[in-house]
Amino acid sequence: MPMIKFKQKPVDDTELINIFMLTRGRPEKVVVAIRSLDRLANKKNKIELWIYIDNDDIQTLNLMNSDWCK
């Protein structure tokens, strides 16, 4: 079977960083990671943080629906 060839997409913003965070039942680690990122990042406007949460991960869903970041 031949390999599929993908067309490479040009980079729109070379300074942009995308972070994909997978979590399950570890809301305290999400908080630590986000606070660390907030504390250490020089160009916060150049960071996109994506968090994947399973529908049945009640602990993390509760965290995201709370006012934890205030």
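The values are calculated or read from the model by the stated rules, or taken from the named source; none is laboratory data. Since we're looking at a predicted model, the values are computed, not measured. Cβ sites come from the backbone with ideal geometry, for glycine too, and all protein chains shown count toward neighbours. Just so you know, the surface numbers come from the protein's heavy atoms only, side chains and all, with ligands and any DNA or RNA stripped out. Shrake-Rupley method; radii C 1.70, N 1.55, O 1.52, S 1.80 Å.
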Kindly give Rg over Rh for the chain, based on alpha-carbon atoms, with the Kirkwood expression for the hydrodynamic radius.
1.12
Expressed in nm to one decimal, what extension gain is obtained for the pair Leu61 and Arg26 from 0.36 nm per residue of sequence separation less their Cα-Cα distance?
11.5 nm
Exposed-site-free run, longest, the chain (rule: chymotrypsin sites (Phe, Trp or Tyr not before Pro); DSSP loop; at most 14 other C-beta within 10 Å)
7-67
First compute the accessible area of the chain with a 1.4 Å probe, then give the percent of it belonging to carbon and sulfur atoms.
57 percent
Quick check for you: which residues of segment 30-46 have the amide N under 13 Å from the point 7 Å beyond the Cα of Leu16 toward its beta carbon?
45-46
What number comes out for accessible area per residue over the chain if the probe is 1.4 Å? Units Å², please.
92 Å²
In deg cm²/dmol, rounded to the nearest 500, the helical mean residue ellipticity at 222 nm of the chain, built from -39500 (n - 2.57) for every DSSP H run of length 4 or more, is -9000 deg cm²/dmol
For the chain, build the charge dipole from Cβ charges (+1 Lys, Arg; -1 Asp, Glu) around the Cα centre, then report which of Leu49, Pro27, Met3 sits farthest towards its positive end.
Met3
Roughly how many debye, to the nearest 20, is the charge dipole of the chain about its Cα centre, given +1 on each Lys and Arg Cβ, -1 on each Asp and Glu Cβ, and no other charges?
280 debye
